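A short worksheet on the structure shown next.
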Amino acid sequence: MANRTIIPFGPQHPVLPEPIHIDLVIEDEQVVEAIPSFGFIHRGLEKLAEKRDFTEFTFIAERICGICSYIHGMGYCQAIEAVMGLQIPERATYLRTMWSELSRIHSHMMWMGLLADAFGFENLFMACWRLREGVLDVIEETSGGRVIFGAAKVGGVRRDVSDEVLSRIPAQLKIVEDQLRDITNVFRDDYSTRQRLCGVGTLSEQDAYDLGAVGPVLRGSGAKLDTRMEGYAAYDKLDVEPIVETAGDCWARTMVRIREVYQSFDLLRQVIPMIPAGPVDMKVTGAPKGEYAARLEQPRGEVIYYVKGNGGKQLDRFRVRTPTFANIPPLLKMLQGCQLADVPVIVLTIDPCISCAER
Amino acid sequence: MKKSPFKMTKVALENLFRRPATVPYPLERKPMYPATRGHIAIDKDKCILCLICDKRCPTGAIKVDRIGKTWAIDRLSCIQCNYCVEVCPKKCLWMENLYATPTQEKLAFVVPIPYTPPTPKPKAAATPPPQRRQPPHQARRPDNAKGSAIRNRD
Amino acid sequence: MSAPIQNYIEVIPPRLLEAVRAQQLAGARLVQICCTRLEEFEILYSFSRPGFFEHLRIRIPDSSVAVPSISPIYSGSFAYENEIHDLFGISFTGLNIDYRGNFFQNIGFCADGGAGNENRGKRGEIKVPRIGSLTRKQFQGLEK
Ligand code: SF4
Ligand code: SF4
């Protein structure tokens, strides 16, 4: 029998933007078991909700994550609105949809760059991030912030976007989209990319479903589940079809994300002309009493915001279950049996966002 | 779908002959969008020292002193959330689209306000409550639940 | 497809595993486990299947009561259960992967683990009282 060795992976590792520690039990070059541990950046945000006014907590909710910030804020507001029974103005729902698709594009493009970086393709990494600037510009022009949108608000959105700006967006995104084709072709067809991604970290559909995988990890294994199909915000008026790949390996997950970027461009083209005129927010009086669990689709997968209010200004409980947290058990499954050199790539294909997993 | 080792060549060559995507920063600056949230500015003639922005700011960045008649902002803890702009009753705050300049001091930006709050005068003369002598924020901040996140830990 | 209806179903702790197994037979997927600290502890198990979003709720009076783990049924539940153990001090029996309070490493800051935690001392001394294992009422008493 080969010798068993434990190799610590993280919390500081070149491929990890954020600290997670995984003890890899290896036999020769093969990982037989992976044991994660958390808690390096636990910020106690859930507890903070019990101390803050529920409207002010929106600002904290937006800062749970620095990448999918808008959807965090929006999900929190959606949960509060459901508890309070508010029907937000229609224009706000469309603007929310637009912003969440923009944040999906920018998150996926950033992830593509990080993946290229993880398997040592610096040039591709730079190319992805250069194009992402184009999307960030659109975000800044509409919301005022590059990554923290600051646009979520209980009862609508915090700022309106003029029609003139809205009408310019499709053309701006078209430029990004055209240039992106070249780059995604590299991910799809390049020899070295395929060598690093194909057949690595395979997860069967059954395992993915049983272990509670969400988002591109789940869809990359062939399950047809996308929370956007539930039709929150204005998604019920759009044509959303889950993007599914069946291989279940790192390459399939990459392809799911790449195709989702194009799907988001397409959804934006659909949604922007549909934005109706009208007010963007409403006056909120009273306080939440009751409980609700809102589900949304983040770039990384399904996210849950559970809100329990007691009729006072402070919430009794705010809980967010982020997609990364749900993807940890599948990650451990994927790591079993892989080569040590593939570990960084596999960890990266779940798109780990550790600070939001720990909140 | 064919594997090819030359897929990147086109992107790489284009990259080689294109102008840099970045701007040479101090010489040339990227134009700001009108919507960009840069920093908070105040029209000091309109402010009535009502303390609403002080109370509502989620990070406690604004300090309004009714006695000393100043409005001050800690640009380092301001998160550009625009909340103070929305709640100000006199609409004397607004968001500039230029980023704040670097600073080494907190509370470096203090504005004297010409306005004199009229109402408390007669009452204060009759029965002055002891806390009135202190600037309100100093009396309120330390053990208040509305401080920064760090102070709120259990 | 419109948003599924949310049901909150109260379950008594001894019948929890039965109810969870029924969810699994219906083809549901474990979405989350959430613990709430009120006068007592409330643990919410959320399950989703097409058209339904159901929550099973159990209530336990305090953290000395051990809860049966659902990891024999949903093996991915160990992450949530270890998290609840570390943050609220509730112990779970029959966990498939038990970290014994070392899942969230930052033990000086977050709550201390519950009973049966013999590994705890190895990572460092614990200075805080067992905040995690108190109910809200006891907790507020501590603050005063
Ligand atoms: S800036 Fe506006 S909100 Fe703040 S004290 Fe002056 S008038 Fe009041
Ligand atoms: S923008 Fe937000 S953080 Fe900054 S001073 Fe105003 S309310 Fe405070």
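The values are calculated or read from the model by the stated rules, or taken from the named source; none is laboratory data. Note that the structure is predicted; figures quoted are calculated from it, not measured. Virtual Cβ from ideal backbone geometry, glycine too; neighbours counted across all protein chains shown.
With (1) of a type outside the set (S, T, N, Q); (2) farther than 28 Å from A:Val135 by Cα; (3) more than 9 Å from ligand 2 (Cβ to nearest atom) as the list, and B:Ile62 as the residue in question, which single condition is left unmet?
(3)
Identify, by number, the condition in (1) surrounded by fewer than 19 Cβ atoms within 10 Å (Cβ to Cβ); (2) more than 13 Å from chain A (Cβ to nearest Cβ); (3) in contact (Cβ under 8 Å) with a residue 40 or more places away in the chain that C:Arg15 doesn't meet.
In the conditions (1) surrounded by fewer than 19 Cβ atoms within 10 Å (Cβ to Cβ); (2) more than 13 Å from chain A (Cβ to nearest Cβ); (3) in contact (Cβ under 8 Å) with a residue 40 or more places away in the chain, C:Arg15 misses (3) alone.
So which of B:Cys84, B:Cys53, B:Cys78 ends up being under 25 Å from A:Thr55 (Cα atoms), in a loop (DSSP other than H, G, I, E, B), within 14 Å of chain A (Cβ to nearest Cβ) and within 10 Å of ligand 2 (Cβ to nearest atom)?
Working: B:Cys84 fails: in a loop (DSSP other than H, G, I, E, B); B:Cys53 fails: in a loop (DSSP other than H, G, I, E, B).
Selected residue: B:Cys78, the only one of B:Cys84, B:Cys53, B:Cys78 that is under 25 Å from A:Thr55 (Cα atoms), in a loop (DSSP other than H, G, I, E, B), within 14 Å of chain A (Cβ to nearest Cβ) and within 10 Å of ligand 2 (Cβ to nearest atom).
Take B:Ala35 and tell me if it is more than 14 Å from ligand 2 (Cβ to nearest atom), of a type in the set (Gly, Ala, Ser) and either within 11 Å of chain A (Cβ to nearest Cβ) or touching a His at 6+ places or on another chain (Cβ under 8 Å) (or both).
Details: more than 14 Å from ligand 2 (Cβ to nearest atom): yes; of a type in the set (Gly, Ala, Ser): yes; either within 11 Å of chain A (Cβ to nearest Cβ) or touching a His at 6+ places or on another chain (Cβ under 8 Å) (or both): yes.
Against the criterion (more than 14 Å from ligand 2 (Cβ to nearest atom), of a type in the set (Gly, Ala, Ser) and either within 11 Å of chain A (Cβ to nearest Cβ) or touching a His at 6+ places or on another chain (Cβ under 8 Å) (or both)), B:Ala35 qualifies.
For residues in the stretch B:56-74 being part of a loop (DSSP other than H, G, I, E, B) and within 10 Å of ligand 1 (Cβ to nearest atom), which is farthest from the other protein chains (Cβ to nearest Cβ)?
The qualifying residue farthest from the other protein chains (Cβ to nearest Cβ) is B:Arg66.
Filter the stretch A:88-144 down to the residues that are outside any helix (DSSP H, G or I), within 14 Å of another protein chain (Cβ to nearest Cβ) and under 17 Å from A:Arg159 (Cβ atoms) and list them by number.
Going through the stretch A:88-144, the residues outside any helix (DSSP H, G or I) turn out to be A:88-89, A:119-121, A:144.
Cutting the leftovers down to within 14 Å of another protein chain (Cβ to nearest Cβ) gives us A:119-121, A:144.
Across the stretch A:88-144, the qualifying residue is only A:Gly144.
Looking only at the stretch A:64-82, which residues are modelled with pLDDT of 85 or more and not small (Gly, Ala, Ser)?
Within the stretch A:64-82, A:Tyr70, A:Ile71, A:His72, A:Met74, A:Tyr76, A:Cys77, A:Gln78, A:Ile80, A:Glu81 qualify.
Only one of these is among the aliphatic types (A, V, I, L, M) and surrounded by fewer than 21 Cβ atoms within 10 Å (Cβ to Cβ): A:Val261, A:Val217, A:Val256, A:Val244. Name it. Walk me through how you get there before you give the answer.
On the way: A:Val261 fails: surrounded by fewer than 21 Cβ atoms within 10 Å (Cβ to Cβ); A:Val217 fails: surrounded by fewer than 21 Cβ atoms within 10 Å (Cβ to Cβ); A:Val256 fails: surrounded by fewer than 21 Cβ atoms within 10 Å (Cβ to Cβ).
Just a single option satisfies the conditions, and that option is A:Val244.
Kindly list the number of the only condition in (1) aliphatic (A, V, I, L, M); (2) more than 10 Å from chain C (Cβ to nearest Cβ); (3) under 24 Å from the mean Cα position of the chain (by Cα) that fails for A:Ala326.
Going through the list (1) aliphatic (A, V, I, L, M); (2) more than 10 Å from chain C (Cβ to nearest Cβ); (3) under 24 Å from the mean Cα position of the chain (by Cα), A:Ala326 breaks only (2).
When the residues of the stretch A:145-168 are filtered to those that are at the interface with chain B (Cβ under 8 Å from one of its Cβ atoms) and under 15 Å from B:Glu86 (Cα atoms), which remaining residue is surrounded by the fewest Cβ atoms within 10 Å (Cβ to Cβ)?
Once the filter is applied, the top-ranked residue is A:Arg159.
Within the stretch A:100-126, which residues are within 16 Å of A:Gln298 (Cβ to Cβ) and touching a helix residue (DSSP H, G or I) at 6+ places or on another chain (Cβ under 8 Å)? Give the steps one after another, and end with the answer.
Looking only at the stretch A:100-126, we keep the residues that are within 16 Å of A:Gln298 (Cβ to Cβ), and these are A:100-111.
Across the stretch A:100-126, the qualifying residues are A:Ser100, A:Glu101, A:Leu102, A:Ser103, A:Arg104, A:Ile105, A:His106, A:His108, A:Met109, A:Met110, A:Trp111.
Are any of the residues in the stretch B:53-70 at positive phi and not aromatic (Phe, Trp, Tyr)?
Residues of the stretch B:53-70 that are at positive phi, as a first pass: B:60, B:69.
Right, trim to not aromatic (Phe, Trp, Tyr) and you get B:60, B:69.
Yes, that holds for at least one residue.
Looking only at the stretch A:205-222, count every residue that is within 14 Å of chain C (Cβ to nearest Cβ) and part of a loop (DSSP other than H, G, I, E, B) and tell me the total. First the steps, then the outcome.
Keep residues of the stretch A:205-222 that are within 14 Å of chain C (Cβ to nearest Cβ), which gives A:205-215, A:217-219, A:221.
Remaining after also requiring part of a loop (DSSP other than H, G, I, E, B): A:211-214, A:221.
Residues that pass the stated criteria total 5.
For the stretch A:1-49, which positions are in contact with a Lys or Arg (Cβ under 7 Å, 6 or more places away or on another chain) and without any contact (Cβ under 8 Å) to a residue 24 or more places away in the chain?
A:Val25
Among the numbered conditions (1) more than 10 Å from ligand 1 (Cβ to nearest atom); (2) touching a strand residue (DSSP E or B) at 6+ places or on another chain (Cβ under 6 Å); (3) under 29 Å from A:Asp281 (Cβ atoms), tell me where B:Ser77 comes up short.
All conditions pass for B:Ser77, except number (2).
With respect to A:Arg219, determine if the residue is touching a Leu at 6+ places or on another chain (Cβ under 9 Å), more than 19 Å from A:Phe119 (Cβ to Cβ) and of a type in the set (Lys, Arg). Steps first, please.
Numbers: touching a Leu at 6+ places or on another chain (Cβ under 9 Å): yes; more than 19 Å from A:Phe119 (Cβ to Cβ): yes; of a type in the set (Lys, Arg): yes.
It is true that A:Arg219 is touching a Leu at 6+ places or on another chain (Cβ under 9 Å), more than 19 Å from A:Phe119 (Cβ to Cβ) and of a type in the set (Lys, Arg).
Being touching a Phe, Trp or Tyr at 6+ places or on another chain (Cβ under 7 Å) and either outside any helix (DSSP H, G or I) or at pLDDT below 80 (or both) is the filter here; which residues of the stretch A:223-243 pass it?
Within the stretch A:223-243, the first condition is being touching a Phe, Trp or Tyr at 6+ places or on another chain (Cβ under 7 Å), and the residues that meet it are A:223, A:228, A:234.
Result: A:Ala223, A:Ala234.
Report the residue count in the stretch A:335-349 for those that are part of a helix (DSSP H, G or I), over 20 Å from A:Ser37 (Cβ atoms) and not small (Gly, Ala, Ser).
Start the filter on the stretch A:335-349 by keeping residues that are part of a helix (DSSP H, G or I), which leaves A:335, A:340-349.
Imposing the further condition that a residue be over 20 Å from A:Ser37 (Cβ atoms) reduces the set to A:341-342, A:345, A:349.
Going one step further and asking which of them are not small (Gly, Ala, Ser), we end up with A:342, A:345, A:349.
The total comes to 3.
From the residues in the stretch A:295-316 that are of a type in the set (Val, Ile, Thr) and touching a Pro at 6+ places or on another chain (Cβ under 9 Å), which one is nearest to A:Glu358 (Cα to Cα)? Spell out how you get there, then give the answer.
First pass over the stretch A:295-316, keeping only residues of a type in the set (Val, Ile, Thr): A:303-304, A:307.
Checking which are touching a Pro at 6+ places or on another chain (Cβ under 9 Å) leaves us with A:303, A:307.
Details: A:Val303: 13, A:Val307: 17 Å.
Among those that are of a type in the set (Val, Ile, Thr) and touching a Pro at 6+ places or on another chain (Cβ under 9 Å), it is A:Val303.
Exactly one of these conditions fails for B:Lys91: (1) within 13 Å of ligand 1 (Cβ to nearest atom); (2) within 14 Å of chain A (Cβ to nearest Cβ); (3) in a loop (DSSP other than H, G, I, E, B). Give me its number.
Only one criterion in (1) within 13 Å of ligand 1 (Cβ to nearest atom); (2) within 14 Å of chain A (Cβ to nearest Cβ); (3) in a loop (DSSP other than H, G, I, E, B) is unmet by B:Lys91, namely (2).
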